[in-house]
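Participant: My questions will all concern the structure given below.
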Amino acid sequence: MKSDSNEDEKIEGRLQQATLDLLSGSDIQFRRETRLDIALVKNLPIALIFLPAADIPTFVGEGRVDLGITGRDQVGEHDAALAEGEESGVAEVLDLGFGGCKLQVQVPEKGDIREAKQLVGKNVVTSFTALSTQFFAGLEGVTERGGSLKTKIKYVGGSVEAACALGVADGIVDLVESGETMKAAGLKAIDTVVQSTAVLIKSKNTKNELVDLIASRIRGVIDAQKYVLCQYNIPRAQLVAATKITPGKRAPTVTALEEAEWVAISAMVEKKKIATVMDELTTVGATDILVLKIENTRSPSS
Ligand SMILES: Nc1ncnc2c1ncn2[C@@H]1O[C@H](COP(=O)(O)OP(=O)(O)OP(=O)(O)O)[C@@H](O)[C@H]1O
Ligand SMILES: O=P(O)(O)OC[C@H]1O[C@H](OP(=O)(O)OP(=O)(O)O)[C@H](O)[C@@H]1O
Ligand SMILES: [Mg+2]
């Protein structure tokens with residue numbers, strides 16, 4: 001039982017808080033009544049449905065829900081479970097950047113299994129049976145007697161990491177972020193099945209014209225989170241050097257200053273590069289460098 005769970009205040013899902021922040025940044029306003037998994041949006045003719053991450057690709061794929069936010073791992077699992085020749089009804093629209101984790105093959109730290117191939121024919125427990133079946137099928141060869149050795153993949157819904165210690169599995173396939181859970185269970189990762197982040201997905205058959213509007217609002221918030229606005233003053237003679245360092249998304253904005261030999265520049269810079277950019281700008285003579293947070297942005301090319 002989860003110690004922090006409480007009947008009135010359900011703590012749900014790893015992706016929930018970042019998703020709610022994204023909806024709020026996209027000005028999608030709603031009030032969710034306690035215990036209800038559906039909420040009507042106040043300022044758009046749409047409804048939000050709160051579903052387990054693993055079920056979202058199914059509802060979207062069936063065209064019952066137009067847009068969804070879940071992990072790429074869940075989309076992969078949904079697609080891997082499709083019958084041969086069946087086409088997925090889910091299309092990825094956008095990588096949302098949060099919820100980063102890896103679906104990894106894990107075995108007891110103290111055992112003698114060092115590579116995933118050694119688990120072929122053995123017992124593997126996971127919540128991702130389709131992806132795991134596909135992964136091990138890729139490793140399964142033909143045995144010396146001519147038969148093929150199948151890995152036995154069993155499903156459990158949670159606490160997958162307990163399976164080895166309980167003697168149910170020789171290895172597991174489960175998500176790893178910090179690695180704390182894996183370490184605490186005495187396991188080590190020996191292979192990666194998929195790398196995942198949260199994604200915005202849409203139904204391939206949707207005809208709802210609001211899908212593009214909502215997707216572009218969400219894209220605006222995600223872009224805004226990735227970039228900062230960098231403003232600085234620089235001698236006009238250094239303009240070429242400076243614009244090489246901050247080329248902006250299209251081009252930097254250059255404004256003349258009252259002081260003839262100087263210009264002011266403002267340009268969007270990737271947040272993860274800003275420290276290096278500031279160092280380099282200082283080297284070419286920039287002064288009064290300011291870095292500003294971008295609340296939201298919209299650009300057709302992004
Ligand atoms: N430790 C983690 N760190 C980062 N992302 C994770 C982690 N665990 C899971 N995720 C991502 O979040 C998605 C949802 O996982 P989660 O276990 O929260 O599902 P849920 O069904 O929505 O909630 P719960 O399991 O609490 O019922 C996963 O598919 C994965 O993409
Ligand atoms: O590498 P870490 O940072 O430790 O995170 C990994 C853990 O997070 C997820 O479980 P979650 O907490 O969602 O619990 P669950 O097994 O009940 O889904 C996942 O299934 C791992 O157990
Ligand atoms: Mg979970």
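Participant: Among the residues of region 196-209, write down those that are exposed (fewer than 14 other Cβ atoms within 10 Å of the Cβ) and either at pLDDT below 95 or assigned by TED's automatic domain parsing to the domain that holds V125 (or both). Steps first, please.
Facilitator: We begin by selecting, within region 196-209, every residue exposed (fewer than 14 other Cβ atoms within 10 Å of the Cβ); these are 204-205, 207, 209.
Answer for region 196-209, where residues must be exposed (fewer than 14 other Cβ atoms within 10 Å of the Cβ) and either at pLDDT below 95 or assigned by TED's automatic domain parsing to the domain that holds V125 (or both): N205, K207, E209.
Participant: For the structure I just gave you, tell me whether V75 is of a type in the set (A, V, I, L, M, F, W, C), under 19 Å from V173 (Cβ atoms) and within 16 Å of ligand 2 (Cβ to nearest atom). Walk me through it before giving the result.
Facilitator: Details: of a type in the set (A, V, I, L, M, F, W, C): yes; under 19 Å from V173 (Cβ atoms): yes; within 16 Å of ligand 2 (Cβ to nearest atom): no.
Taking the combined requirement at face value, the residue does not satisfy it.
Participant: A further question on this structure: Could you please find all residues in region 230-267 being closer than 17 Å to D279 by Cβ, part of a helix (DSSP H, G or I) and of a type outside the set (G, A, S)?
Facilitator: Across region 230-267, the qualifying residues are Q238, T243, K244, I245.
Participant: Ok, one more. Looking at region 104-115, can you tell me whether even one residue there is surrounded by fewer than 17 Cβ atoms within 10 Å (Cβ to Cβ), part of a helix (DSSP H, G or I) and away from ligand 1 (no atom under 16 Å from the Cβ)?
Facilitator: no
Participant: Working only within region 71-93, note down all residues that are under 13 Å from S203 (Cα atoms) and out of contact with any Ser or Thr (no Cβ under 9 Å at 6 or more places or on another chain).
Facilitator: E87, S88, E92, V93
Participant: Here's a follow-up. Looking at region 89-102, which of its residues are surrounded by fewer than 17 Cβ atoms within 10 Å (Cβ to Cβ), more than 11 Å from ligand 1 (Cβ to nearest atom) and in a loop (DSSP other than H, G, I, E, B)?
Facilitator: G97
The values are calculated or read from the model by the stated rules, or taken from the named source; none is laboratory data. Note that this is a predicted model, so its numbers are computed, not measured. Cβ coordinates were reconstructed from backbone atoms using ideal geometry, including for glycine residues, and neighbour counts include every protein chain displayed.
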